[in-house]
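A quick write-up on the structure given underneath.
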Amino acid sequence: MEVLKPELSEIMAASRRLKPILHHTELDLSSTFSRMTGGNIYLKCENRQKTGSFKIRGATNKLSAMVERGERVPVVASSAGNHAQGVACAASAFGVPATIVMPKTAPIAKIQATEGYGAKVVLAGEGYDDAYARACEICKEEGAAFLHPYNDLEVIAGQGTLGLEILGDLPTVDIIVTPAGGGGLLAGVIAAVKQINPRVKVYGVQAEGANAIAQSFREKRLVTTQNASTIADGIAVKSPGDITVDIINSFCDGVVTVSDTQIADAILLLMERCKMIVEPAGATPVAAVLSGKIDVKGRNVVCVLSGGNIDVSFVQSIIEQGMAARHRRIRFTARLLDKPGSLVQVLGILADSGANILTIEHDKLAAGLNPNETKVHIACEVGGKAHAQSVLDELKNHGYEVELD
């Protein structure tokens, strides 16, 4: 049976619709990641797209096609993230009223950003399923059209324009790696690339805790998971689309998974080495390449950084996870005599060892202490695993009893 997918002509039409509205995002060669992997690693910077994500491509193409057909009706979407902002921005551009239903738990920053694009925000329920149910009710009440975030051919065609840009900017590309949640981006890129140059391999990346598409690809059928638990909220999808899964299962070259720790490490590297803010979902292609999940040696590889909308309050925890994964931070407990100068001696050893002290906590009530003793919990920034071990060894050489926390 023929797989239902956007035809190349439809993706080309989407590209013409989007050209005067959206950014043609840059393709940057990363010398750092190329050196680390042995391939030529290019970054497709959709984190710098309007609304900070690729999602506006599909939303804009869908709305534009509706307007062309004379379907100028209010639109409704359910989303707590990038799809919300994409639909809101696209609706504003076409003068179409938009209502976005978000869970009550949605971050205030995302609510405000969506409202800033001119959409009406309705808060409903505790999660996406509740928001989706309320969105369907609003569609019936108001005669509005529901804009699906991924399981729609015109949305998929809009996402496919990203594949056209990659082929146009780097005709010698060998591998394209893209995040996968509901599957709209991956299916769109596959539809575009495989119809133009089947030689190019396209891989999807999922988080280990939200791997419905990876399971679907392995079993060659639509698989829905019970849970979707990951720091990559943009791809935390339990139920991918039947349209997207059919395209992926038929034409994708592979779907791999990465851990949250690997994602956090990739985010940190993108910040430090590339000076880029990338959300967890957008960092998964880099995580996959750096962890060796895809063989990129000697190949021209494009990693799609699908978005950059990361909550500021979440950045610190991501940095902490990334630093811990790279053994850049250690936390330990040392037993000291409770007398003046004891702590100064420890701090001097740490300073001489090149460790940067982050926090110090005294604990005089710890179990097993003598009356003249205290424990201190110290967190330090170090240069890596070997440096961390040398710092601890130096403390032990000076007679201190040290335990990692």
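Read-outs: derived from the displayed coordinates by stated rules, not from any lab. Note that this is a predicted model, so its numbers are computed, not measured. We place every Cβ from the backbone using ideal geometry, glycine too, and count neighbours over all the protein chains shown.
Distance from the Cα centroid of segment 293-363 to that of segment 153-170 is 39 Å (rounded to whole angstrom).
Looking at the chain alone, DSSP beta bridges between its own residues are antiparallel in about 45 percent of cases.
Pairs exceeding a 29 Å alpha-carbon distance, out of Lys194/Lys220; Lys140/Lys194; Lys104/Lys220; Lys19/Lys104; Lys55/Lys293; Lys110/Lys275: Lys140/Lys194; Lys104/Lys220; Lys19/Lys104. Counting only DSSP H runs of at least 4 residues, each contributing -39500 (n - 2.57), and dividing by the residue count of the chain, the helix-based mean residue ellipticity at 222 nm comes to -14000 deg cm²/dmol. Remark: relative contact order (segment 100-178) = 23 percent; criterion is Cα-Cα distance under 8 angstrom and separation of 6 or more residues.
Only four residue types carry charge here, +1 at the Cβ of Lys and Arg and -1 at the Cβ of Asp and Glu. Report the dipole size of the chain about the Cα centre in Debye, rounded to the nearest 20.
Values: 40 positive and 44 negative charges, 160 e Å.
Taking the Cα centre of the chain as origin, the dipole is about 760 debye.
Per residue, the convex hull spanned by the Cα atoms of segment 254-405 amounts to 149 cubic angstrom.
The separation of segment 5-78 from segment 209-247, counted between C-alpha centres, amounts to 21 Å.
Can you tell me what percent of all Cα-Cα pairs in segment 206-316 are more than 23 Å apart? Mind dumping the intermediate values first?
On the way: 1772 of 6105 pairs.
Here the tail beyond 23 Å accounts for 29 percent of pairs.
Starting from the Cα coordinates of segment 323-389, work out the convex hull volume and express it per residue in Å³. Walk me through the intermediate numbers first.
On the way: hull volume 5.7 nm³, N = 67.
Normalising the Cα hull of segment 323-389 by residue number yields 85 Å³.
Mean projection of the Cα convex hull over all viewing directions, computed for segment 283-343: 7.8 nm². Averaging 1/r over each pair of different alpha-carbon atoms in the chain and inverting the result gives 22.9 Å, the Kirkwood hydrodynamic radius. Per residue, the convex hull spanned by the alpha carbons of segment 91-153 comes to 96 Å³.
In a Debye calculation with equal point scatterers on the alpha-carbon sites of segment 8-136 and no solvent, what is log10 I(q)/I(0) at q = 0.17 Å⁻¹? Treating every Cα as an identical point scatterer, log10 I(q)/I(0) equals -0.89.
Farthest towards the positive end of the charge dipole of segment 27-179, among the residues Gly158, Asn40, Thr172, is the Cα of Asn40, using unit charges on the Cβ of Lys, Arg, Asp and Glu.
Across segment 159-220, how large is the tail of the calculated P(r) beyond 20 Å, expressed as a percent of all Cα pairs? Please list the in-between numbers first.
On the way: 488 of 1891 pairs.
Here the long-distance tail beyond 20 Å is 26 percent of all Cα pairs in segment 159-220.
A viscosity of 0.692 mPa s and a temperature of 37 °C, combined with the Kirkwood radius over Cα pairs in Stokes-Einstein, give a translational diffusion coefficient for segment 72-213 of 201 µm²/s.
Would you mind calculating the gained length between Glu373 and Thr105 on full extension (0.36 nm times residue separation, minus the Cα-Cα distance), in nm to one decimal?
Taking Glu373 through Thr105 to full extension adds about 91.9 nm, to one decimal.
Computed about the Cα centre, the dipole magnitude for segment 257-405 is approximately 440 debye when only Lys and Arg (+1) and Asp and Glu (-1) carry charge, each at its Cβ.
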